[in-house]
Each structure stands twice: as structure tokens, then as C-alpha cells.
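Below is one structure; the comments refer to it alone.
Rule-based calculations on the coordinates, nothing more; no lab input. Remember, predicted model here, so these are calculated numbers, not experimental data. All Cβ positions, glycine included, derive from the backbone under ideal geometry; neighbour counts span all protein chains shown.
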Amino acid sequence: MYTDEMKRAFYSVTPPSNFGVQIIDNEHFLTVKASARQFFSLVDEEKRSAIEYMVRVKKALEDNGAIVMLVREGGDEV
């Protein structure tokens, strides 16, 4: 369950420009979904920042009791 504390923790992590993720509440765990198209359009250093951002988001949510799965959407056509 996506609690208010988890929501605050998520929004406390600043995303890099041109990148964001979607949080999906699956009742017993949270999915942090990134767009493959958006990710692959980034240049090298931006990709590193995006990965670091996803790791920080995962940790922030887990620190507030969530079980988190990182996934990507798309990618076959990229």
C-alpha cells in the first residue's frame, strides 16, 4: 500500500531533467516504472543520473516500509 509517508519520500527525491517514473500500487508491493523510450533518448551522463534517481526512489520507498520492484515499459521497438 502506497502510504502518505511513501508519497512524501518519493517526492523528496528530485528527478533529473527529461526523466521521470510512475509509481504503481500493487497492494502488497510498489512498482516503479520507467519508460524505455524516455531512458534511451538520454545521453550517457543523463542515463547515469536516471539510474541513480531510480535507485534513490527505491531506497526512499523501502525506508518507509515498501517492497519495491523496478521495471521498464517498452523497449522492443527502441
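On full extension, the segment bounded by residue 14 and residue 43 gains 8.6 nm, given 0.36 nm per residue less the C-alpha separation. Name the residue farthest towards the positive end of the dipole of the stretch 1-68 from the options 55, 43, 26, assuming +1 on Cβ of Lys and Arg, -1 on Cβ of Asp and Glu, about the Cα centre. It is 43. For residue 73, the residues whose amide H sits under 5 Å from its own are 34, 35, 36, ignoring neighbours fewer than 5 places away on the same chain, with H placed 1.01 Å from N. In terms of modelled amide H atoms, which long-range or inter-chain residues lie less than 5 Å from the amide H of residue 42? For residue 42, whose amide H was placed from the backbone, there are no distant partners under 5 Å. With the helix formula -39500 (n - 2.57) applied to DSSP H stretches of n ≥ 4, the chain reaches a computed 222 nm mean residue ellipticity of -13000 deg cm²/dmol. Close amide H pairs (under 5 Å, H built 1.01 Å from N) link residue 68 with 30, residues at least 5 positions away or on another chain.
Between residue 36 and residue 55, the distance separating the two model label sites (each 7 Å from Cα on the Cα→Cβ line) works out to 2.3 nm.
Excluding same-chain neighbours fewer than eight residues apart, the aspartates and glutamates reachable from residue 33 by a Cα-Cα span under 12 Å are 25, 73. Along the chain, counting only GluC sites (Glu not before Pro) with a DSSP assignment other than H, G, I, E or B and at most 15 other Cβ atoms inside a 10 Å radius, the longest segment between sites is 28-76. The length gained by stretching the chain between residue 69 and residue 22 to full extension, at 0.36 nm per residue less their Cα-Cα distance, is 15.7 nm.
When DSSP beta bridges are restricted to pairs lying wholly in the stretch 4-73, around 45% turn out antiparallel. Charges were assigned to the Cβ only: +1 to each Lys and Arg, -1 to each Asp and Glu. The resulting dipole of the stretch 4-73 about its Cα centre is roughly 160 debye. Loop-located chymotrypsin sites (Phe, Trp or Tyr not before Pro) in the stretch 1-51 (DSSP state other than H, G, I, E, B) with a sparse environment of at most 15 neighbouring Cβ atoms within 10 Å: 29. Rounded to the nearest whole Hz, the Karplus-based 3J(HN,Hα) values (6.51 cos²θ - 1.76 cosθ + 1.60, θ = phi - 60°) of the stretch 6-11 follow the sequence 5, 4, 4, 5, 4, 6, with x at glycine and proline.
To the nearest ten degrees, helix 44-62 and the longest principal axis of the Cα atoms of the chain are 10 degrees apart.
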